[in-house]
Ligand code: COA
Ligand code: ZN
């Protein structure tokens, strides 16, 4: 099945949700065992075939920093003919931005951490240096006619610094919105948010960015609160969500970080709430099952174990 490509720059309707699967990047990047190129390509294909319109298919960063993503160029090469899906790439510097565009990335995704300590650990830059780097990346993308999505990591707390005030998130968000990025994804990198935090941070960022940028949530389920936080996001008007097929995930630079919210569990929730996603849930569960067997590991997906309600 194919669906039409998502328009990242357009507003998402109130009764729809735009889901971005980050499994092939956020999900796989911290797995130590070698994963074959074929398995990575199959994963992107299967997710896209289920109707997910946006897939973060890899990253163009230092292979020393993230060895698992060293073959991202080949993943993009082998998935170039896929219809109906935006293949998105994580980059953290200008060199990565050019490499991702050359490989055919449809969206450049980048990351700025509100926590100084995490920023240094992840990209060896201060938060301000990372913001300055975004200026360059957004410019390179704009010249290529490609949208930019920035993950604001540690928006709900940091493993190294603890609580992060909503005002600090709002300040960094305002600087990024002023650069003209397309989308900001408020990231709960360590799964520390509670639903009331989601409301507080979304409202603070909305106020500081004056609705100049599309907002989304990037949730991790480290403490079992991701679906509750997603509902809080929906209630706060968020219609863009990152998730990872099977619930894969974890950042190698954030101690104790575990999986992203599971895409099929999130889609099941959205459908139960009467929202449309364009995704075929059964096909997505099949994709998760294939990934589970390719990795030889049990994934935290609820849908894989119990299936959709009233199936
Ligand atoms: N693609 C490939 N290699 C790159 C690169 C890119 N975009 N940018 C830098 N490199 C290489 C350099 O060539 C250098 O290689 P060498 O040691 O063989 O000479 C090495 O990476 C280090 O580069 P340097 O410019 O000295 O940067 P650094 O050591 O300060 O590292 C980053 C900074 C940003 C390159 C590195 O920390 C990084 O790639 N981080 C990515 C983190 C990430 O993906 N996190 C995922 C969660 S958001
Ligand atoms: Zn993440």
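Every number here is computed from the coordinates shown, using simple stated rules; none is lab data. As the structure is a prediction and not an experimental result, all values here were calculated from the model. All Cβ positions, glycine included, derive from the backbone under ideal geometry; neighbour counts span all protein chains shown.
From the C-alpha coordinates alone, can you work out the Kirkwood hydrodynamic radius of the chain, in Å? One over the average 1/r among Cα pairs gives 18.8 Å for the chain. Listed peptides 206-214, 258-266 appear in the order 258-266, 206-214 once ranked by packing, highest mean of other Cβ atoms within 10 Å at the front.
How many percent of all Cα-Cα pairs in the stretch 66-164 sit more than 18 Å apart? Numbers along the way, then the final one.
Details: 2427 of 4851 pairs.
Considering the stretch 66-164, 50 percent of its Cα-Cα pairs are separated by more than 18 Å.
Per residue of the chain, the DSSP helices (runs of n ≥ 4 H) give a summed -39500 (n - 2.57) that works out to -12000 deg cm²/dmol at 222 nm. Sort out for me the Cα centre separation of the stretch 141-171 from the stretch 255-311, rounded to whole Å. Their Cα centres are 26 Å away from one another.
Taking 11 Å as the cut-off, the amide N atoms of the stretch 77-100 that come nearer than this to a point 7 Å along the Cα-to-beta-carbon line of residue 143 belong to 98.
Quotient of the Cα radius of gyration of the stretch 1-89 and 2.2 N^0.38 Å, N being its number of residues: 1.12. Taking other Cβ atoms within 10 Å as a rough exposure proxy, 136, 189 sort from fewest to most as 136, 189.
If I take every Cα pair under 8 Å that is 6 or more residues apart in the chain, average their sequence separation and divide by the length, what percent do I get for the relative contact order?
Taking the mean separation of contacting Cα pairs over the length of the chain, I get 20 percent.
Annotation: peptides 154-161, 303-310, ranked by per-residue average of other Cβ atoms within 10 Å with the highest first, follow the order 154-161, 303-310.
Neighbour counting of Cβ atoms within 10 Å sorts the residues 220, 98, fewest neighbours leading, into 98, 220. Counting neighbouring beta carbons within 10 Å and listing from fewest to most, the residues 85, 52 come out as 85, 52.
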